[in-house]
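Working notes for the structure below.
What follows is calculated from the coordinates using simple rules that are stated; it is not laboratory data. Bear in mind the structure is a predicted one, so any value in this text is a computation, not a measurement. Note: ideal-geometry Cβ built from the backbone for every residue, glycine included; neighbour counts use all protein chains shown.
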Amino acid sequence: MMLKLRIRARYACKNDVTLKLGDCRPLLRQLPDESVKLIVTSPPYNLGKAYEQKRKLDSYTAEQADIIAECVRVLRKDGSLCWQVGNCVSLRGQILPLDIHFHRIFADCGLHLRNRIVWQFEHGLHARRRFSGRHETILWYTKGDSYTFNLDAVRVPQKYPGKKAYKGPGKGRYSGNPNGKNPGDVWAIPNVKANHPEKTVHPCQFPIELVERLVLALSDPGDLVVDPFVGVGTTLLAAVLHGRRAAGADIMKEYVAIARQRLAQAERATLKRRPLGTPIYIPPPNSGLLIRRAPSTER
């Protein structure tokens, strides 16, 4: 499907995409109060990456709290905010789970935590003095108790699609929802490493399908989706591919240029991506390999 996107650096409600080079706070201040349906982002983890300067925790927290306050201001009463984070690691190898650290800030802003989603993946750095990290978290908050949640848009296949009830009033009838099941709060989605089709120069890029599930579940077509730390444009892509408007900013000129290139590819329907719902691994035909499941821990 070909897209025709109006992309501008300064926000206007008629923009399909607003993409600004620079600090996100000037962009957020351009947005009217309660104009954003969904905020999805992954902020810097205070690790000293190329796009951030490592600082004392108090200084890092103060800057993040300032940005979060602007996010809360622009968020609609029926809107959602999703903050995707991992760990901050000290020079001595101690870790601070940032989701625990950030929760106090969001709670002080009056937001309501709906889910702590675990994003699980298989690849990453190999630790030598602790178990290798293979998950990060997404904190999903809402501004109020009346919010959008389109569960049918993100259902996944039933584990046992033909299973029927063997007793009770529903005996003989299918026991699961025919449209699929709730995906739960543990999401196994490959991270963007090595030969992932979406790989760019960004060292901590998250996959489009991770954001797609949030966009489909927590917003409706035409809604505005915002990413304050837009990186190479993953959130913008997930939004426009599903008929939403999008806005974001980044301080790295190279990343903004790549985001524009990827948006142009989306317009031409040439964007390389891993489609939502693709199995993690399917053995080639006649390979003799089996898809293994982890042993059950249920009793």
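Tabulated data
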{"item": "Subset of segment 88-100 that is surrounded by fewer than 17 Cβ atoms within 10 Å (Cβ to Cβ) and within 19 Å of the chain's Cα centre (by Cα) - its residue that is nearest to GLU136 (Cα to Cα)", "result": "PRO97"}
{"item": "Residue within segment 253-269 that is touching a Ser or Thr at 6+ places or on another chain (Cβ under 9 Å) and either under 16 Å from TYR11 (Cα atoms) or among the hydroxyl-bearing types (Ser, Thr, Tyr) (or both) present", "result": "yes"}
{"item": "Residues located in segment 71-103, provided they are in a strand (DSSP E or B) and either under 12 Å from GLU34 (Cα atoms) or free of Cβ contacts under 8 Å to residues at least 40 places away in the same chain (or both)", "result": "LEU75, ARG76, LYS77, ASP78, GLY79, SER80, ILE95, LEU96"}
{"item": "Some residue of segment 155-167 being touching a residue at least 60 places away in the same chain (Cβ under 8 Å) and not in a helix (DSSP H, G or I)", "result": "yes"}
{"item": "Hey, GLU34 touching a residue at least 40 places away in the same chain (Cβ under 8 Å) and surrounded by fewer than 13 Cβ atoms within 10 Å (Cβ to Cβ) or not", "result": "no"}
{"item": "Which listed residue is over 21 Å from GLU136 (Cβ atoms) and either among the hydroxyl-bearing types (Ser, Thr, Tyr) or crowded, with 16+ Cβ neighbours inside 10 Å (or both), from GLY170, GLY180", "result": "GLY180"}
{"item": "Hits in segment 133-154 - residues which are aromatic (Phe, Trp, Tyr) and either free of Cβ contacts under 8 Å to residues at least 40 places away in the same chain or out of contact with any Lys or Arg (no Cβ under 6 Å at 6 or more places or on another chain) (or both)", "result": "TYR141, TYR147, PHE149"}
